[in-house]
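Undergrad: The structure is given below, and queries will be raised subsequently.
Please treat every number below as a calculation from the coordinates, not as lab data. Computed from a predicted structure; not experimentally measured. Methodologically, a virtual Cβ is constructed for each residue, glycine included, from the backbone with ideal geometry; neighbour enumeration extends over all protein chains shown.
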Amino acid sequence: MEFLLQMLGTGSPRPDLERSGPAQVLFIDDIPVLIDCGEGTTGQLLKAGILPERINHLWLTHLHSDHLFGYAQFLIGGQGNGRRELTVVGPAGTKKYHERTLEMYEEDIRYRLSLGRSPKGLMDVNIIEITEPGEVESDLPVKVTAERMVHNVPTFGYRFEGDGKAVVISGDTAPTDRLIEFARGADILVQDAALTTTSVYTKGENKEFEKVFVNLQKEHCTPAQCGETAEQAGVKKLVLTHFLPGADPEEACREALEVFSGPVIAGEDLQLIKIDE
Ligand SMILES: [Zn+2]
Ligand SMILES: [Zn+2]
């Protein structure tokens, strides 16, 4: 079994020309699993050479707007392109979010279906809501477990493992011992490193931003905190993501490397990341 990680969007809620909204694809052999669906996800999929209609599995870490802005386009556009099966896994509220999306575009969808298109893949989406941490039943050929992260809405990190290999996606989180345990020995940990000191929040003159930056420390990690998590968990490779505009990737790596002995990658949009043999 092979895992391959395709970063799609490494940005944040803040619009950024360099970084699309949070999203990545984990290939499990030839099955692409989309994790989060931020703004621009469908375009990023196309740029990465992955047809949106090939994605039959979407896992949402949480229901914040920056991780969801791309959903309507992914759902309706991907179905328009021919996708006829979709499973969406996410925290409680995922079903409501999906149904509201269908409601908002009700007339549009009615028109499209009236053209003779099948409703499959759109009106019969399989939604699985996770309410408790633990193993998640899915039709993926790997074991997937969910763990609760520390964020201001229910947020799950996901661990995909098979054949002795593991990839962990933290979602948004403040530092937590739960993530250290959860990421234990993982080949790749993709972690929220929103709190770079070089972001607009710390560089700018804006007092409002300063206050926001202090409050964000209850919800996200600094690159150094990501490094500490990875070090304590014995992770083999750390991928930093969820960067605010103006974040300096080199400085983020330096900060993480002060505490983590393994390799660190400051994720870039469309970057392909392999598990080292
Ligand atoms: Zn969030
Ligand atoms: Zn976020």
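Undergrad: How many nm separate the modelled label positions at Gln232 and Lys95, each set 7 Å beyond the Cα in the direction of the Cβ?
TA: 3.6
Undergrad: To continue, here is another question. Provide the per-residue ³J(HN,Hα) series for segment 177-188, in order, calculated from phi with Karplus coefficients 6.51, -1.76, 1.60 and θ = phi - 60°, each as a whole number of Hz, with x at glycine and proline positions.
TA: 4, 4, 5, 4, 5, 5, 8, 3, x, 5, 6, 9
Undergrad: I need the trypsin sites (Lys or Arg not before Pro) found in segment 156-224, filtered to DSSP loop residues with at most 10 other beta carbons within 10 Å of theirs.
TA: Counting only loop positions with at most 10 other Cβ atoms within 10 Å, the trypsin sites (Lys or Arg not before Pro) in segment 156-224 are Lys218.
Undergrad: Among His67, His62, which comes first, second and so on when ranked by fewest other beta-carbon atoms within 10 Å?
TA: Ascending number of Cβ neighbours within 10 Å: His62, His67.
Undergrad: If you don't mind, there's one more thing I want to ask. Mind telling me which of Phe209, Phe260, Phe74 comes out most flexible in a GNM of the chain, alpha-carbon contacts under 10 Å?
TA: Comparing Phe209, Phe260, Phe74 in the GNM, the peak value goes to Phe209.
Undergrad: Need the full-extension length gain, Asp29 to Met123, defined as separation in residues times 0.36 nm minus the C-alpha distance. One decimal, nm.
TA: Between Asp29 and Met123, full extension yields 31.0 nm more.
Undergrad: Using a Gaussian network model of the chain with C-alpha springs under 10 Å, which one of Asp16, Asp187, Asp124 is most mobile by mean-square fluctuation?
TA: Asp124
Undergrad: For labels at Ser261 and Lys143 in the simple 7 Å Cα→Cβ model, what's the distance in nm?
TA: The two pseudo-label positions are separated by 2.6 nm.
Undergrad: Peptides 40-52, 231-243: what's the order by average Cβ count within 10 Å, highest mean first?
TA: The packing order, highest mean first, is 231-243, 40-52.
Undergrad: With a point put 7 Å past each Cα toward its Cβ, work out how far Thr131 is from Asp276 in nm, to one decimal.
TA: Distance between label points: 4.3 nm.
Undergrad: Can you tell which of Gly38, Gly262, Gly70 shows the greatest fluctuation in a Gaussian network model of the chain with Cα springs below 10 Å?
TA: Its mean-square fluctuation being the largest, the pick is Gly262.
Undergrad: Full-extension gain between Leu113 and Ala72, please, as 0.36 nm times their residue separation minus the C-alpha to C-alpha distance.
TA: Difference between extended and current length: 13.2 nm.
Undergrad: Which of the lysines could a cross-linker span from Lys207 if the Cα-Cα distance has to be under 24 Å and same-chain partners fewer than 8 positions apart are dropped?
TA: Counting by Cα, and skipping residues close in sequence, Lys207 has these lysines nearby: Lys218.
Undergrad: I need the phi-derived Karplus couplings for segment 68-74: 6.51 cos²θ - 1.76 cosθ + 1.60, θ = phi - 60°, integer Hz, Gly and Pro marked x.
TA: Along segment 68-74, the couplings run 10, 4, x, 5, 4, 5, 4 Hz.
Undergrad: Calculate for the chain the 222 nm mean residue ellipticity that helices alone would give, adding -39,500 (n - 2.57) per DSSP H run of length 4 or more and normalising by residue count, nearest 500 deg cm²/dmol.
TA: Per the formula, -6500 deg cm²/dmol.
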